[in-house]
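The values are calculated or read from the model by the stated rules, or taken from the named source; none is laboratory data. Values in this document were obtained by computation on a predicted structure and should not be read as measured data. Quick note on the areas: whole protein, heavy atoms, side chains included, nothing else; ligands and nucleic acids left out. Shrake-Rupley method; radii C 1.70, N 1.55, O 1.52, S 1.80 Å.
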Amino acid sequence: HLESYIKTHPDFLTSLIPIQFDDLAPQIVRDMLKVSKEAGVGPMAAVAGAIAESVGIDLLSLTSNVIVENGGDIYLKSNNEISVGIFAGESSLSSRMALRITPEEMPVGICTSSATVGHSLSFGRADAVCVKSQSVSMADAAATAIGNLTKTKRDIRKAIAFGSQLKDVIGILIIVEEAIGLWGKMELA
């Protein structure tokens, strides 16, 4: 559905800002359009999260324990506690902590954006921006938007203040070099 939509709406693929909502678009596209508007980013900023969530929800018909990871964007639904490791590239904090996710919090999305790891486009310099939300596509779009605002360690507070106002965002973690910022329901392990 997504690839077909992009063929007839090429701006959906390339826009770095929200585009007009389309009531006739497939559900996954409508979800991406909605969260991109809320976060102030292009709709493709939510693509990995939206796909992880779609696949995860489909798999729930087969099992009650589902983990779908798509390039740092995760859909989680489990009867067990889960620890999600935080990779932050060259930061001294990289791989030294994890997020503790309890069964009561799930299903939940945990999405990470980085300017220093991977191939995603970021206008910031954060080593990791991790966002928790009940909507995986929102977590993905929010991680991108928050990451774009985080150019130095001094920007962490401002970026968290922005992200904490986004609908459905329930937790934020930002790592820039050796500095960390944490807000909301984010329990470190």
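What to note about this one:
- Subset of K132/K158; K7/K158; K37/K158; K34/K158 violating a 26 Å alpha-carbon distance limit: K7/K158
- Element breakdown for region 60-167 at a 1.4 angstrom probe: carbon and sulfur atoms account for 51% of the accessible area.
- Here the Gaussian network model covers the chain, with springs between Cα atoms less than 10 Å apart; of N80, N70, N148, N80 fluctuates the most.
- For D168 and Q20, the difference between the fully extended length at 0.36 nm per residue and the C-alpha to C-alpha distance is 51.2 nm.
- Comparing Cα centroids, region 1-29 and region 151-186 end up 29 angstrom apart.
- Listed residues G71, G49, G118, most fluctuating in the chain (Gaussian network, C-alpha, under 10 Å): G118
- A 1.4 Å probe run over the protein chains yields, for region 26-177, 43 Å² of accessible area per residue, whole-number rounding.
- Percent carbon-and-sulfur accessible area, region 1-49, ignoring ligands, DNA and RNA, probe 1.4 Å: 59 percent
- Length gained on full extension, D58 to F123, computed as 0.36 nm times the residue gap minus the Cα-Cα distance: 20.1 nm.
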